[in-house]
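Step one of this worksheet: look at the structure below.
A short reminder: the numbers here are calculations on the coordinates, not readings from a lab. Source: prediction; values computed, not measured. Glycine also receives a Cβ, built like all others from the backbone with ideal geometry; neighbour counts cover every protein chain displayed.
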């Protein structure tokens, strides 16, 4: 009877959780549509104040003349003292440029209304929850596609500001495992769901500085404020 009750409890826990609202990104976007120069690298840091708190470091690299990629590693949790490891990566290719350097090296307007880039991304994390006789763990993998648009505005005094937005569509795979100490009970389950997310923010490059500062709002399963900095090496 006790085994039946615990098993039933586990199934009841898995069911609603597997069909809950989307998990959402723990990284945010924190990018414009512009790509890193080919062969160049950039390091970054980002802090998220959303449904969960996240702190992440990133490393970006210019893969080609119009494409770049990033790997991301950090921690996420209700607070940074009990955080879990998160991993991620993304890539993007710039399809449109609002400005193009002319023969004199000056930026001239193109026919495109703004910068536009597309590319894939992936995120993963695993968490163990519960204590005592009943313990559970869950893992989330997200694989999706993103579209990023931005528009650079150069200041005459130096520096720039770039409003940007990202829309992403992804599939979230969620797996669960629930066990009870001292009993032959081990219930596993998994599910997947399609989800959409929206990010909007501003990238600011101060005068006489190579660094870019970011601030954005994410509307997703993990909605909130994300801040970041990228520094090209």
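Taking Cα centroids, how far is region 31-54 from region 141-165 in Å? Cα centres, region 31-54 to region 141-165: 11 Å. Once the chain from residue 106 to residue 151 is taken as fully extended at 0.36 nm per residue, the excess over their C-alpha distance is 14.5 nm.
Fewest-first ordering of 21, 216, 172 by other beta carbons within 10 Å of each residue's beta carbon gives 21, 172, 216. Gain on full extension, evaluated as 0.36 nm per residue between residue 202 and residue 161 minus their Cα-Cα distance, stands at 14.1 nm. Extending 7 Å from the Cα toward the beta-carbon at both residue 63 and residue 45 defines two label points whose distance is 2.8 nm. Panel order for 126, 111, by other beta carbons found within 10 Å of each beta carbon, from fewest to most: 111, 126.
Stretch residue 95-residue 38 to full length: gain in nm at 0.36 nm per residue minus the Cα-Cα span?
Numbers: separation 57, 0.36 × 57 = 20.52 nm, distance 1.52 nm.
Residue separation times 0.36 nm, minus the Cα-Cα distance, leaves 19.0 nm.
Residues 52, 41, ranked from the fewest to the most other C-beta atoms within 10 Å, line up as 41, 52. Note on residue 85 and residue 118: with the Förster distance fixed at 22 Å, the Cβ-Cβ geometry gives a FRET efficiency of about 0.20.
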